[in-house]
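J.: If you scroll down you'll find the structure; I have some questions about it.
The values are calculated or read from the model by the stated rules, or taken from the named source; none is laboratory data. Treat the numbers as computed from the prediction; the structure is a model and nothing was measured. Here the Cβ positions follow ideal geometry from the backbone for every residue, glycine too, while neighbour counts run over all protein chains shown. Heads up: the accessible areas ignore ligands, DNA and RNA and are worked out on the full protein's heavy atoms, side chains in. Shrake-Rupley method; radii C 1.70, N 1.55, O 1.52, S 1.80 Å.
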Amino acid sequence: MKIITSDSDTCLIIPKKICIDDKIEMMKEIKHILLTYNKIYHFLSSGFYKVEVRFHKIIGTIFTISLLDDLSFIDNNVDLKIILIGETKVGLEFDDLIEPVDQLYYYKDHLYLVDFTNLSLFLTLLEHGTFILEDKVEEVLKNGKKISDIEVSKKFN
């Protein structure tokens, strides 16, 4: 499990694809997982949250959690509105890159890794980059320039 926080959202990555044919059972499983992890890691305070659930073939399940309403008057109450998004594209944005990686894109003064096949490499690089989702990935693929390792080392060294 990996928790990524920003000013407005929390992103939780679980390296397991939680995909059940029965949507009601899948929603129950998602709520159970989130509330169990929250008891252990305390990443959600009392409130009403929107949870967007995405799936990626390599990474697993990605939860994007946004606070909709603060329920501070009710102690320890977390309510979840689950929205199933489905399969998604993900990537990483870097200001610079420590180790060479294939399939990099250059766009608006940043490097992007938007296509990967190795979970351990992705999780290692996640520590050095910013996690991006489908809309930003599509923008990079459409407008960015694919570059090689040689061009990366010239540009950033």
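J.: Please work out the average accessible area per residue across the chain, using the 1.4 Å probe convention, and give it in Å².
T.: Result: 59 Å² per residue.
J.: If I histogram all Cα-Cα distances within the chain using bins 5 Å wide from 0, what percent of pairs lands in each bin?
T.: All Cα pairs considered, the percentages come to 2, 8, 17, 19, 17, 14, 10, 7, 4, 2, 0, 0.
J.: Using modelled backbone amide H atoms (1.01 Å from N, in-plane), which distant-in-sequence or interchain residues come within less than 5 Å of Leu80's amide H?
T.: Here Tyr49 satisfy the definition.
J.: Moving to a separate point now. Given Lys17/Lys146; Lys2/Lys108; Lys23/Lys57; Lys23/Lys136, which pairs have Cα atoms separated by over 25 Å?
T.: Lys17/Lys146; Lys2/Lys108; Lys23/Lys136
J.: Next up: Taking H placed 1.01 Å from N in the peptide plane, check which residues at least 5 places from Leu44 or on another chain put their amide H under 5 Å from its amide H.
T.: For Leu44, whose amide H was placed from the backbone, there are no distant partners under 5 Å.
J.: Taking the Cα centre of the chain as origin, sum charge times position over the Cβ atoms of Lys and Arg (+1) and Asp and Glu (-1), and report the length of that vector in debye to the nearest 20.
T.: Value, rounded to 20: 300 debye.
J.: How large, in percent, is the carbon and sulfur part of the accessible surface of the chain at a probe radius of 1.4 Å?
T.: Result for the chain: 49 percent of the exposed heavy-atom area is carbon or sulfur.
J.: Roughly how many Å is it from the Cα centre of region 10-74 to that of region 96-145, as a whole number?
T.: Their Cα centres are 24 Å away from one another.
J.: Using helices alone, what [θ] at 222 nm do you get for the chain, with -39,500 (n - 2.57) per DSSP H run of 4 or more residues, divided over all residues and rounded to the nearest 500?
T.: Roughly -8500 deg cm²/dmol at 222 nm, from the helical runs in the chain.
J.: Now for a different question. Between Asp102 and Asp7, what's the calculated FRET efficiency when r is the beta-carbon distance and R0 is 41 Å? Round to 0.05.
T.: 0.80
J.: Through the Karplus equation 6.51 cos²θ - 1.76 cosθ + 1.60, θ set to phi - 60°, convert the phi angles of region 118-135 into ³J(HN,Hα) values in whole Hz; use x for Gly and Pro.
T.: 10, 5, 5, 5, 4, 5, 5, 6, 4, 5, 9, x, 10, 6, 10, 10, 2, 4
J.: Below 8 Å, C-alpha to C-alpha, sequence gap of six or more: please give me the relative contact order for the chain in percent.
T.: 19 percent
J.: Considering only Leu67, Leu104, Thr88, whose Cα is most displaced toward the positive end of the charge dipole of region 59-110, charges sitting on Cβ of Lys, Arg (+1) and Asp, Glu (-1)?
T.: Value: Thr88.
J.: Something else now. Stokes-Einstein at 20 °C, 1.002 mPa s, Kirkwood radius from Cα pairs: D for region 1-64 in µm² s⁻¹?
T.: 174 µm²/s
J.: Taking amide hydrogens as modeled 1.01 Å from N in the peptide plane, which residues meet the under 5 Å criterion relative to Ile18, leaving out close sequence neighbours?
T.: Thr61
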